[in-house]
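Novice: First, the structure itself, so that you have it in front of you.
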Amino acid sequence: MFTEVFEAIKAYNTIILHRHGRPDGDALGSQIGLAAILRENFPEKTVYMVGDAPGFFGFMEGAVMDDISDGDYYGALGVILDCGA
């Protein structure tokens with residue numbers, strides 16, 4: 001499975017990281033951590049974090065979400081983290 005995920009990351013120039021609404025620390029930590037890993041290892045890629053405001057967890061470094069337009073979603077890899085399934 002990791003090979004498929006890695007190949008998908010390599011195939012897209014834009015990656016958008018989603019998580020559930022009203023985030024808890026786990027959801028934000030997953031999103032912030034993966035964004036940092038992707039940006040460090042793939043500096044040529046555009047990585048967005050989207051979702052509603054972090055609320056109580058706004059103190060976490062990197063918890064500010066990106067404000068992107070609908071057009072930014074076209075041709076991007078969407079990754080959903082900590083969905084609680």
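The values are calculated or read from the model by the stated rules, or taken from the named source; none is laboratory data. Nothing here was measured: the structure is a model prediction, and the numbers come from that model. FYI the Cβ positions are ideal-geometry reconstructions off the backbone, even for glycines, and counts take in every protein chain you see. All accessible areas refer to the heavy atoms of the entire protein, side chains included, with ligands and DNA or RNA removed. Shrake-Rupley method; radii C 1.70, N 1.55, O 1.52, S 1.80 Å.
Novice: With open to solvent by less than 60 Å² (accessible area, probe 1.4 Å) and either out of contact with any helix residue (DSSP H, G or I) (no Cβ under 8 Å at 6 or more places or on another chain) or not polar (S, T, N, Q) (or both) as the only criterion, which of F6, F57 stands out?
Specialist: Values: F6 fails: open to solvent by less than 60 Å² (accessible area, probe 1.4 Å).
Only one candidate passes the filter, namely F57.
Novice: Counting only residues that are of a type in the set (A, V, I, L, M), open to solvent by 20 Å² or more (accessible area, probe 1.4 Å) and under 16 Å from V5 (Cα atoms), how many does the stretch 21-48 have?
Specialist: As a first pass, look at the stretch 21-48 and keep what is of a type in the set (A, V, I, L, M): 27-28, 32, 34-38, 47.
Of the ones still in play, those that are also open to solvent by 20 Å² or more (accessible area, probe 1.4 Å) are 32, 34, 36-37.
Cutting the leftovers down to under 16 Å from V5 (Cα atoms) gives us 34, 37.
Within the stretch 21-48, residues that are of a type in the set (A, V, I, L, M), open to solvent by 20 Å² or more (accessible area, probe 1.4 Å) and under 16 Å from V5 (Cα atoms) number 2.
Novice: Filter the stretch 60-72 for residues that are open to solvent by less than 90 Å² (accessible area, probe 1.4 Å) and under 14 Å from the mean Cα position of the chain (by Cα); which is nearest to V5 (Cα to Cα)?
Specialist: Our first condition is that a residue be open to solvent by less than 90 Å² (accessible area, probe 1.4 Å); within the stretch 60-72, this holds for 60, 62-63, 65-66, 68-69, 71-72.
Subsequent filtering for residues that are under 14 Å from the mean Cα position of the chain (by Cα) retains 62-63, 65-66, 68, 72.
Numbers: G62: 23, A63: 24, M65: 23, D66: 23, I68: 24, D72: 21 Å.
Among those that are open to solvent by less than 90 Å² (accessible area, probe 1.4 Å) and under 14 Å from the mean Cα position of the chain (by Cα), it is D72.
Novice: Do any residues in the stretch 61-78 that are free of Cβ contacts under 8 Å to residues at least 60 places away in the same chain and closer than 21 Å to G33 by Cα have Cβ atoms under 7 Å from those of residues that are open to solvent by less than 90 Å² (accessible area, probe 1.4 Å) and among the acidic types (D, E), where the two are at least six apart or on different chains, and which pairs are they?
Specialist: none
Novice: Return the only residue of G58, G29 being free of Cβ contacts under 8 Å to residues at least 12 places away in the same chain and in a helix (DSSP H, G or I). Break it down stepwise before answering.
Specialist: On the way: G29 fails: free of Cβ contacts under 8 Å to residues at least 12 places away in the same chain.
Criteria check complete, one pass: G58.
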